[in-house]
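Some notes on the structure that comes next.
The values are calculated or read from the model by the stated rules, or taken from the named source; none is laboratory data. From a predicted model like this one, the values you see are computed outputs, not experimental measurements. Positions of Cβ are generated from backbone atoms using ideal geometry, with glycine treated the same way; all protein chains shown enter the neighbour counts. Ligands, DNA and RNA are stripped out before the accessible areas are found, and what is left, the full protein with its side chains, is counted by its heavy atoms. Shrake-Rupley method; radii C 1.70, N 1.55, O 1.52, S 1.80 Å.
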Amino acid sequence: AAEVLTELSDGETIHSNVRLLPGERFAVFQVWHEQDGTGDEIWVLDLDSRERRMLIAGSNPWYSPSGHLLYGTSEGTLLAVPIDPRSAELTGAPAPLADGLVVRPPYGTIDYAVSSNGSLLYRRGGLSATEAEFVWMTRAGHATPVDPGWRLDPSLSGAYGWSLSPQGDRIVTTNSAGEVDLWVKQLPDGPFDRLTSDLGDERFPTWSPDGQSIAF
């Protein structure tokens, strides 16, 4: 059975980006206040008592095995602050890791991830471009267009999610035809076909392991 862990307080719009800390007693999560990323806060939830407290201003928290809590700002800065996972208390001052990261609309979050061994992946640059394209990227950093000439609106394809099929032969991504819908591109140079046409927005698609279904 599902159990509600948090309730929205006055002025809060969304609770998201939950990360368990080692020991699994505490979880950190983001509290949204405005869609432009201003006023966003990171809170701690005690899973035993269900009590929560504000930890630090920022967005998209992530625990690193180095013993740090990573988080972002609406200005595109990635910071790290030491944290004790046994008490969920901060034990030092924040320090910047990187700046100039992409700030994604509509909520002002940054894109990054931390692996179990502490490797950090993040996305730098701006969203001022009016067109974007998908590319194949090698580990050496060499980029090759998936389909030269195929262009998309980066605020839609980047902000609301995309997914490569397990077989590597199709991409499902968000695109606009009035509403935000899901479209499927046949690789390498096949058609780009609309998949959904419901009222409202369809976002964050993910392929099933057999490539036969898409969850969104």
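Give me the 1.4 Å probe accessible area per residue for the chain, excluding ligands and nucleic acids, in Å².
I get 55 Å² per residue for this part.
Rounded to the nearest percent, how much of the accessible area of the chain (1.4 Å probe, protein heavy atoms only) is carbon and sulfur? Intermediate results must be reported in sequence, preceding the final value.
On the way: 6090 of 11900 Å².
Here it works out to 51 percent.
Can you figure out the FRET efficiency of Met54 with Phe204, using R₀ = 25 Å and their beta-carbon distance, to the nearest 0.05?
According to the calculation, E is roughly 0.40.
Running a GNM on the chain with Cα contacts under 10 Å, which residue among Trp183, Trp162, Trp136 ends up with the highest mean-square fluctuation?
Taking springs between Cα atoms under 10 Å, the residue moving most is Trp136.
Output the relative contact order of segment 146-216, whole-number percent, from Cα pairs under 8 angstrom with separation of 6+ residues.
Reported as a whole number, the value is 28 percent.
Which three lengths, in whole Å and largest first, does the chain cover when its Cα atoms are put on their principal axes?
Principal extents (largest minus smallest coordinate, Cα): 53, 41, 34 Å.
Which order do the peptides 1-9, 167-175 come out in when sorted by mean C-beta neighbours inside 10 angstrom, highest first?
Those peptides, ordered most packed to least, come out 167-175, 1-9.
With Cβ to Cβ distances under 14 Å as the rule, what net charge do the other residues near Leu187 carry (K, R +1; D, E -1)? Please report the intermediate quantities before stating the final value.
Values: positive: Arg170, Lys185; negative: Glu133, Asp147, Asp169, Asp189, Asp193.
Around Leu187, the surrounding residues sum to -3.
Within segment 1-86, report the trypsin sites (Lys or Arg not before Pro) that DSSP leaves as loop and that have at most 13 other Cβ atoms within 10 Å.
When the trypsin sites (Lys or Arg not before Pro) of segment 1-86 are filtered for loop state and at most 13 Cβ neighbours within 10 Å, Arg50, Arg86 remain.
Normalised by the number of residues in the chain, what is the relative contact order in percent for Cα pairs under 8 Å and 6+ residues apart?
That works out to 10 percent.
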